[in-house]
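Report on the structure given below.
The values are calculated or read from the model by the stated rules, or taken from the named source; none is laboratory data. Just so you know, these numbers come straight off a predicted model, no measurement behind them. A quick note on method: Cβ atoms are made from the backbone with ideal geometry, for glycine too, and the neighbour counts reach across all protein chains shown. When the accessible area is computed, the model is the full protein with side chains, heavy atoms only, and any ligands, DNA or RNA have been set aside. Shrake-Rupley method; radii C 1.70, N 1.55, O 1.52, S 1.80 Å.
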Amino acid sequence: MLTSIVGINWGDEGKGRMVDLLSQDYDIVSRYQGGNNAGHTVVNDLGKFILNLLPSGILREEVVNVMGPGMVIDLEHLSGEIKRLTDAGVKISPKNLKISNKAIVCMPYHRQQDILEEDRLGDAKYGSTRRGISPVYGDKYMKKCIRMGDLLHRETYKKELERILEWKNLTITKVYGAEEVKFEDMLSWLDKYSAEFKDYICDTSIYLNNAVKEGKKVMFEAQLGALRDIDYGIYPYTSSSSTIAAYAPIGAGVPNLKLTNSIGIMKAYSTCVGEGPFTAEMFGEEAEKLREAGGEYGAATGRPRRVGPFDVPASRYGVLVQGCDELALTKLDVLSYLEEIPVCVAYDVEGELTKDFPYSTELDKAKPVVEYVKGWNCDISKCRKPEDLPKEALDYIKYIEKAVDSKIKYVSVGAARDEYIVMY
């Protein structure tokens, strides 16, 4: 069983919550892309946790967690994240956390460059989290990075760092006019964290292939959603990595393996953090009520999320590119305050009606076409079986299934582990 858990929309769909829930049936959870530029919020009996880098399976002691070669890892951030969890009673050791020797190290100068570039762009900024993700992925493809495996060999990373900084400082000083990055500072940073993480670093490809041969079940956890994918998202307002399910085996370190199934996660309404087109966006009092009802603030940044009704064109596109076999619908309970629920069923692009998700430049001209369906207007957080749900809630679920052409297997009616319904 090789399962991907992926986002259907702009990210923040509740993937961490679903990974935490479904990982009870898996032996391994592997993050396969991204860095600490997004957060997965998980609530369980130990408390509420925001995970930026660690796979969400880390909250189950019996699950082994893998950080794959497709990731970019800020070691300072990872160190702090591990400390927060261990202080809360979560056990983390090289037995249950393995970091790919091929994963890329996100350096402090990547963070600095990200901030400098966003400030340079001004009003034209991309909405970066300013955590160095775009610069480090850029450097990866320029072949000017330090990998986790290099941290096991001090002379290697010392030599690489010297070579890279000679090049990087040309950009930092001559393009942005900032102070030169000091070699001694960066070497000291690497020395500190290489000592801390050396026992976690291994060839995760060998580990995962052996695990699959032994019949172990593997879950691949994505960060962000289909509309933030570097190739298939709302470019250039995307992440810098591949968020789609097809990339999961590659980013996890097992490109020779094929997925068994893909589970897409989407909210019962739409949210978006950052810049870029968001056709179904609500504004004013209507938006504020939905934002407050759903607690819609970014897990990584704390930024208020942009909100809107469920977006059929965007979600049907997300389901398609993620190759979903089944879906999980999260935060259905948030809509309980509404007597009528808005749904964006199509886009109006300069007078032309379309139900397909347009190319990026056309999105700038798109306006939402909204219909309303009857709400249930009552608390559903205690529902645990499909028959517990009001008819209107069941009708809404069926409405969405038909609209995106995929079955919804899981419905979340709260943040806690047991607050969900299996529909079939």
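The table for this structure:
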read-out	value
Charged-residue dipole, Cβ positions (Lys, Arg, Asp, Glu), the range 266-346 about Cα centre, Debye nearest 20	260
Positive dipole terminus of the range 239-378, leading residue within Tyr247, Pro277, Gly302 (C-beta point charges)	Tyr247
Cα-based Kirkwood hydrodynamic radius, the range 383-424, one decimal, Å	10.7
Shape box of the range 351-424 [Cα atoms, principal axes, largest first, Å]	43, 24, 21
Sparse-neighbourhood loop sites, chymotrypsin sites (Phe, Trp or Tyr not before Pro) in the range 278-322 - DSSP loop, at most 10 other Cβ within 10 angstrom	Phe283
Rg in Å to one decimal, and Dmax rounded to a whole Å, for the range 101-141 via C-alpha atoms	10.7, 38
Heavy-atom accessible surface of the range 8-58: percent carbon and sulfur, 1.4 Å	44
Diffusion coefficient, µm² s⁻¹, Stokes-Einstein with Kirkwood Rh over alpha-carbon pairs of the range 319-382 at 25 °C and 0.890 mPa s	171
The range 1-69 - Rg (one decimal) and Dmax (whole number), Cα, Å	11.2, 31
Charge-dipole axis of the chain as Lys and Arg at +1 and Asp and Glu at -1 on Cβ define it, positive-most pick from Leu259, Gly122, Tyr200	Tyr200
Charge dipole magnitude, Cβ of K and R +1, D and E -1 - the range 59-106, Cα centre, debye nearest 20	160
1.4 Å probe accessible area per residue over the chain, in Å²	42
Cα-based radius of gyration of the range 286-424 once divided by 2.2 N^0.38 Å, which approximates compact folds	1.09
Cα centre as origin, Lys/Arg/Asp/Glu Cβ charges: the range 308-423 dipole, Debye	380
The chain - convex hull of alpha carbons, volume per residue in Å³	136
Packing-based order for 244-255, 87-98, using average beta carbon neighbours within 10 Å, highest first	244-255, 87-98
DSSP beta bridge pairing in the range 294-424, given as percent antiparallel to the nearest 5	75
Accessible surface of the range 167-303 [probe 1.4 Å, protein heavy atoms]: carbon and sulfur percent	51
Binned Cα-Cα distance frequencies in the range 54-152 - 5 Å width, integer %	3, 12, 19, 20, 16, 14, 9, 5, 2, 0
Overall Cα dimensions of the range 197-258 - principal axes, largest extent first, Å	40, 29, 15
Computed Rg/Rh of the range 276-338, alpha carbon atoms with Kirkwood Rh	0.99
Span from the the range 113-131 Cα centroid across to the the range 2-32 one, whole angstrom	29
Most fluctuating residue given options Asp191, Asp395, Asp123, as computed from a GNM of the chain linking Cα atoms under 10 Å	Asp123
Surface/4 of the Cα convex hull for the range 183-321, nm²	12.1
Charge dipole (the chain, unit charges on Cβ, about Cα centre) - positive-most of Val105, His40, Ala346	Val105
Sparse-neighbour loop sites [trypsin sites (Lys or Arg not before Pro); the range 247-289; at most 12 other C-beta within 10 Å; DSSP]	Lys258
Relative pair counts by distance (%), Cα atoms of the range 110-212, 10 Å bins	13, 37, 31, 14, 4, 0
